[in-house]
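S.K.: The structure that follows is given in the form of structure tokens.
The values are calculated or read from the model by the stated rules, or taken from the named source; none is laboratory data. For clarity, every value in this text was computed on a predicted model and none was experimentally measured. A quick note on method: Cβ atoms are made from the backbone with ideal geometry, for glycine too, and the neighbour counts reach across all protein chains shown.
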């Protein structure tokens with residue numbers, strides 16, 4: 001993925017993450033997709049509703065920040081991985097503070113920061129693995145990148 005593509009995708013991802021975390025959760029259907037996911041997990045696994053919800057919410061937080069870690073790394077390749085992770089963690093903390101201060105219907109928690117940070121770390125690791133594989137492939141082909 002090129003830097004320009006990474007930056008465009010990052011912008012889209014940031015808009016989606018902002019909408020998913022900073023839009024007030026009031027009214028019917030606003031958080032229905034998370035409840036629907038928990039219900040599906042419950043149906044597929046036979047877990048209780050409470051257990052399914054406790055698994056789904058942290059999982060969604062990881063999934064929300066994984067692409068951020070990956071795309072920030074792709075969009076700004078000179079940033080070290082731990083800086084990307086720290087930036088994502090700071091962003092997560094900022095979201096949680098915003099939820100406490102003024103987003104109706106949202107609950108802030110340190111668990112959310114931890115699971116968001118885990119997602120960002122996985123995204124950083126994922127892009128590093130993909131970049132290493134691409135570099136090995138390029139070296140194996142003698143520097144030929146196949147159509148660039």
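S.K.: Kindly indicate the residue of the range 80-108 that is closer than 17 Å to residue 60 by Cα and part of a loop (DSSP other than H, G, I, E, B) and also modelled with the lowest pLDDT among those meeting that condition.
M.R.: The residue in question is 106.
S.K.: Can you tell me which of (1) loosely packed, with under 14 Cβ neighbours inside 10 Å; (2) modelled with pLDDT of 85 or more; (3) assigned to a helix (DSSP H, G or I) is the one residue 69 doesn't meet?
M.R.: (1) is the only condition that residue 69 fails.
S.K.: Answer yes or no as to whether residue 118 is assigned to a helix (DSSP H, G or I), within 16 Å of residue 16 (Cβ to Cβ) and touching a helix residue (DSSP H, G or I) at 6+ places or on another chain (Cβ under 7 Å). Walk me through how you get there before you give the answer.
M.R.: Working: assigned to a helix (DSSP H, G or I): yes; within 16 Å of residue 16 (Cβ to Cβ): no; touching a helix residue (DSSP H, G or I) at 6+ places or on another chain (Cβ under 7 Å): yes.
The answer is no for residue 118.
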